[in-house]
Amino acid sequence: MDRENIWARGWSHVLSTTNDIAELGEFCRRVGAPSSALQLGNQRWPHLDLKLEARDRALASPGVRVFERTSEMLRFLKGK
């Protein structure tokens, strides 16, 4: 998860390290985000777009790796 999307202040991206759409859907429900937060348009990087309380809950969730920048998160995933 990136701490904040530099192109959309107040928003964060959440990615699954395995591109598991079911995992993303479950995480979406767990943090209370609307189902529209799940973005499937780019099949290489399906992700959640989170803001407000759902974003705050996600950032505080145990087991979530938070990257300061989106580019750091993508570099990490490309290296897996």
Check each of the trypsin sites (Lys or Arg not before Pro) in the stretch 1-66 and keep only those in coil by DSSP with at most 10 other C-beta atoms within 10 angstrom; list them in order.
Arg9, Arg44, Arg65
Full-stretch length increase - Arg57, Arg75 - with 0.36 nm per residue and alpha-carbon distance subtracted:
4.1 nm
Loop-resident chymotrypsin sites (Phe, Trp or Tyr not before Pro) in the chain with no more than 15 other Cβ atoms inside 10 Å, DSSP not H/G/I/E/B, are Trp7
5 Å is the cut-off here: which amide hydrogens, built 1.01 Å from N in the peptide plane, fall below it relative to Gln39, excluding neighbours closer than 5 in sequence?
His47, Leu48, Asp49
How high is the relative contact order of the stretch 11-78, in percent, with contacts defined as C-alpha pairs under 8 Å that are six or more residues apart?
34 percent
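Read-outs throughout are calculated quantities, based only on the coordinates presented, and are distinct from any laboratory measurement. Fair warning: this is a prediction, and the values are worked out from it, not measured in the lab. Neighbour counts run over all protein chains shown; Cβ positions are idealised from the backbone, glycine included.
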